[in-house]
Amino acid sequence: KSPLIVFHEEIRAAEPATDETPVLVSQNFFRLDDRYRVVNNQQVDKYVTDEFLVQTVYGCQVVVTNPTSAPQKLTLLLQVPQGAIPVLNGQPTRGVPVDLKPFDTSTIEYFFYFPLPGAFGHFPVHVAKNELLLTAAPAVQLQAVEQLTKIDRKAWPFLSQNGTDAEVLDFLKTENLQRIDLGGMAPQIGYEKAAAIAKRAHRDGS
């Protein structure tokens, strides 16, 4: 007896597009608290390709590019890996509309963590237009572990929790302290010495 609107939503298989619509798509994984490294004073991405530490937040970076002179209205299908829990307002599965101008690029990120170790498949990003499948990134198998077998011992997340006083102080003397979270250091590390280095660097303008 009152006005209403009824919506119907379903998931069904998408047919591949018959005409060639060139769209480029890639996806890479990164650890949220150790996302970058510095090479020749330039910040570059630090992608994860082998092991994922449980109870640690990771992100998936999806980049889609329109290499043509015509605008593209696309839909991206994103899904967290099997066995993973979405975080930071994420969803297990979602569709993202993307409007790309000619020769334009868009980046979408979502975040997750593995509560338990194991080998988990990941349904990669799929790109569709007008409900027809254009392209997709390669499917991958992700390995979640309780302890990493390959550790970047020069990275701040490791040093801040496991490094010796000497290792931490040597790191702080050579790095840009504006990129470092001193508040995350383990209590057994010489915080007063580290704070003194930070104050001296700030005073010197470095």
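The values are calculated or read from the model by the stated rules, or taken from the named source; none is laboratory data. Note that the coordinates shown come from a computational prediction; the quantities given were computed from them, not determined experimentally. Every residue, glycine as well, gets a Cβ built from its backbone with ideal geometry; the counts of neighbours run over all protein chains shown. To get the accessible areas, we keep the full protein, side chains included, count just its heavy atoms, and leave off ligands, DNA and RNA. Shrake-Rupley method; radii C 1.70, N 1.55, O 1.52, S 1.80 Å.
If you go through the range 93-117 one residue at a time, how many are over 17 Å from residue 52 (Cβ atoms) and not charged (D, E, K, R)? Before the answer, list the steps.
Here is the first cut: in the range 93-117, the ones over 17 Å from residue 52 (Cβ atoms) are 93-108.
Retained after the next criterion (residues that are not charged (D, E, K, R)): 93, 95-98, 100, 102-103, 105-108.
Selection size over the range 93-117: 12.
In the range 117-125 there is no residue matching the filter, namely being surrounded by fewer than 12 Cβ atoms within 10 Å (Cβ to Cβ) and assigned to a loop (DSSP other than H, G, I, E, B).
On the basis of being touching a residue at least 60 places away in the same chain (Cβ under 8 Å), part of a loop (DSSP other than H, G, I, E, B) and open to solvent by 40 Å² or more (accessible area, probe 1.4 Å), does residue 55 make the cut?
Details: touching a residue at least 60 places away in the same chain (Cβ under 8 Å): yes; part of a loop (DSSP other than H, G, I, E, B): yes; open to solvent by 40 Å² or more (accessible area, probe 1.4 Å): yes.
Yes.
When restricted to residues that are modelled with pLDDT under 65, in a loop (DSSP other than H, G, I, E, B) and polar (S, T, N, Q), the range 126-178 contains 2.
Check the range 24-40 and report whether any residue there is outside any strand (DSSP E or B), more than 14 Å from the chain's Cα centre (by Cα) and exposed (fewer than 15 other Cβ atoms within 10 Å of the Cβ).
Keep residues of the range 24-40 that are outside any strand (DSSP E or B), which gives 32-33, 35, 40.
Filter again for more than 14 Å from the chain's Cα centre (by Cα), leaving 40.
Subset that is exposed (fewer than 15 other Cβ atoms within 10 Å of the Cβ): 40.
For the range 24-40, residues outside any strand (DSSP E or B), more than 14 Å from the chain's Cα centre (by Cα) and exposed (fewer than 15 other Cβ atoms within 10 Å of the Cβ): present.
Flag: residue 63 does not match the condition of being out of contact with any Ser or Thr (no Cβ under 9 Å at 6 or more places or on another chain) and either within 21 Å of residue 147 (Cα to Cα) or of a type outside the set (Ser, Thr, Tyr) (or both).
Residue check: residue 21 meets all listed conditions (1) open to solvent by less than 60 Å² (accessible area, probe 1.4 Å); (2) touching a Leu at 6+ places or on another chain (Cβ under 7 Å); (3) farther than 30 Å from residue 118 by Cβ; (4) without any contact (Cβ under 8 Å) to a residue 60 or more places away in the chain but one, namely (4).
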